[in-house]
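Contents: one structure, followed by commentary.
The values are calculated or read from the model by the stated rules, or taken from the named source; none is laboratory data. Predicted model only: the values in this text are computed from it and were never measured. Methodologically, a virtual Cβ is constructed for each residue, glycine included, from the backbone with ideal geometry; neighbour enumeration extends over all protein chains shown.
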Amino acid sequence: MRAALSLGLFAILSLGGGRVAAATPTDTVSTATRVETRGKLEALLTTYAKTLGFRRWYRSDDNPFAIQMFYDRDLRYASQLEIVINVTRQNTIGFRVFPHWESPGPGDYIDLDQARDPQGLMQEALRLSEQNFMFWALDGSHDLFAGFTITLESGFPEAAVRVVLESVPLVDDSVGDLLRYAE
């Protein structure tokens, strides 16, 4: 069976000249739609962010569809949580929560390259992804973050965004589990 699949893949690649088309992100929603979604998100943050304990939020200087904010109220393990919210071209809102901590190395993110036990850190992150509301992943700089993605197929989900924002402080307990591999 495996040989047949390999032979089939070889035939497809051979007939295609050995080239495989790379997947590229395409705009599935217009810029105007993203601007409208960002406006609704900003209105929600204006109303609820301070009540939920977040400090000031602002648009990213690098990406007009990314919003950054911080949470630092009553945290036990992280010194603060940096939240990046991105309105994507694929009609989703992505939440990325980067824990900051008082690290002995350069920077204050949980960086896989600086971790004492990188394999243990990633195994724990995978275990926590299965158990928690948010998943754990690495960004392009190998910094660990907790994430959640909401699709916008049925319009702007205000209640779902509020639930995700209310869940951000819960990330701190997982940070405590992860730091034993980072320190």
statement: Those residues of segment 42-77 which are aliphatic (A, V, I, L, M) and within 17 Å of the chain's Cα centre (by Cα) amount to 66, 67, 69
- prompt: Under the condition of being under 19 Å from residue 108 (Cβ atoms), part of a loop (DSSP other than H, G, I, E, B) and not small (Gly, Ala, Ser), which residue from segment 136-183 is nearest to the chain's Cα centre (by Cα)?
  reply: 139
task: Please enumerate the residues belonging to segment 121-160 that are farther than 15 Å from residue 172 by Cα and in contact with a Ser or Thr (Cβ under 7 Å, 6 or more places away or on another chain).
output: 149, 150, 151, 152, 156
query: In this structure, does residue 119 turn out to be more than 11 Å from the chain's Cα centre (by Cα), surrounded by fewer than 18 Cβ atoms within 10 Å (Cβ to Cβ) and modelled with pLDDT of 95 or more?
result: yes
query: Taking residue 163, is it β-branched (Val, Ile, Thr) and loosely packed, with under 15 Cβ neighbours inside 10 Å?
result: yes
Spans of strands (runs of 3 or more DSSP E) in segment 59-135 with at least 2 residues of a type in the set (Val, Ile, Thr) and in contact (Cβ under 8 Å) with a residue 24 or more places away in the chain: 80-87, 92-100
Residue 83 being of a type outside the set (Lys, Arg), more than 12 Å from the chain's Cα centre (by Cα) and within 26 Å of residue 56 (Cα to Cα): no
- request: Scan segment 105-113 and give yes if some residue there is surrounded by fewer than 16 Cβ atoms within 10 Å (Cβ to Cβ) and at pLDDT 95 or above, otherwise no.
  value: no
